């Protein structure tokens, strides 16, 4: 069942639920409408996101384009409910083709529909966030109304569809509530949890319930902890709508120095020719370079340590027995490989069945094994194409001059800092200890997982320009080698400290459709999120697991953002250019920019800047 609907501020309490008989009468009279255009948009968005997570990008684009076309045909071309659709379209375009202009155009459509639109969790990379903000700057910021709302048309005997748009960026797992009662009534306001899509909430009040009475109402939006965010109207100043349509309330010079750093001398009568440099420095034969640097590259493909994350919750139908099996197998495997087939999975899970509470209620080893999909469970979370850093590397190098201006060097690239910040359950703890201390903890400490050491070795070819007696010389050339590098990627969501493949900030005890009769979780179709295996039960047993999941979310810091890496390589080739400055006879300084293409496991580009001392002979 979903979070309880928050009580309206100023001590407003919730009215009793509408009697089942009244609701049945409304259904029998045919006053409950079928799914409308906005429902089709939302359904298409969910389908496209699942297709995107399965890396079927063309199908996802087709689904979204069809939804946009149908919405336009229904008169919803600029409806704010299309904003998440356009945002997802822009992210898929960028992931599929890297076409920045087309992605920006889609984002502009999104912010035109809803200025405060946010990206889906799968697409929250710094590159796409920056692109969305660029699109946002191209449109005019909306007015100051905290919640944008146009009162519904009121016809006798017809349902009332309330639609309200928060004029802020609602956080994940936020909710919007409609409070209403018959105008003039001294009774309590009814609290109705609205269907929330993006920043837009909607609720259909049946004719049987409003009984053609004038309605007083107001809206509140709350975060996942039931903290008030914004509101439109309140108990003392409600909005009002009546059958008559009446609405009320609510409310330059040049340097004298020559290229050698000394004053140029000019012979008498000659104002153009410069006297040749008189320094005796000759180009060294051997270069011992000790460089330190940083880099940036194009991150694409999948995160190295982060499996495909799940986003269960009330109203979500993407978490089922397959996801339960994935979560258990990933936890069991730890740092190792997950089971390659259902038989191996069955053997693995049999090893831990003695631990109380490991198996979800209503499941068996056989049923979970039948649901296990190694191809799906082994997927790592996709990374949106964009620039990412490779924070720190050292690059020792030995070069020998083999011709007048030509140097061949052997070098190593040792990435000593990857920037990874991935926290999960302890992958080396015994299963029973891990389950008790990590998996079933309301505030798991988490274990920091780090990627392996990144190294590469290669050969450089450098050609030096300018006369060999100059202290300062430029060079250019190429390089090639074997090894790996890692790019630091902000995943845009929190860590998974208890190791159940759900980001802690959006931890949910169950998943499943919402029962439209009472806006609560459909218990008959409820799926418990592992390890909260009793959360779908009524009473104390269910509340214990529900509270445990909420505790994980509440104990997650806002700064707990997962930083993973993308591994590129193992082959690389590229071009370089730089400088060498011979300070004294056996000591110099060098700087170099390498532009490399890395392949074939993950094809990418990496730009390295390296600088350091050079000992020469």
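What follows draws every value from the coordinates through simple rules; no lab data is involved. Every value quoted in this text rests on a predicted model; they were computed, and no experiment measured them. Backbone-built Cβ (ideal geometry, glycine too); neighbour counts: all protein chains shown.
In plain terms, the residue of 286, 502, 111 with the fewest other Cβ atoms within 10 Å comes first and the most crowded comes last, giving 286, 111, 502.
Peptides 406-412, 420-426 ranked from most to least packed give 420-426, 406-412, packing being the mean of other C-beta atoms within 10 angstrom over each peptide's residues. If the segment from residue 406 to residue 575 were pulled out straight at 0.36 nm per residue, it would be longer than the present Cα-Cα gap by 59.3 nm.
Applying 1/(1 + (r/R0)^6) with r as the Cβ-Cβ distance of residue 188 and residue 230 and R0 = 30 angstrom yields a FRET efficiency of 0.85.
Look at where the Cα atoms of the range 456-533 and of the range 155-215 average out, and the two centres are 40 Å apart. The alpha carbon gyration tensor of the range 37-137 gives principal lengths a ≥ b ≥ c with a/c of 1.5 or higher and a/b no greater than b/c, which makes the shape oblate. Its DSSP H runs of at least 4 residues, each contributing -39,500 (n - 2.57), put the calculated 222 nm mean residue ellipticity of the chain at -7000 deg cm²/dmol, to the nearest 500.
Exposure proxy ranking for 398, 41, based on other Cβ atoms within 10 angstrom of each Cβ and starting from the fewest, stands as 398, 41. Calculated FRET efficiency, residue 353 to residue 547, Cβ-Cβ distance, R0 = 30 Å: about 0.70 to the nearest 0.05. Legend: ranking of residues 385, 561 from fewest to most surrounding C-beta atoms inside 10 Å; resulting order 561, 385.
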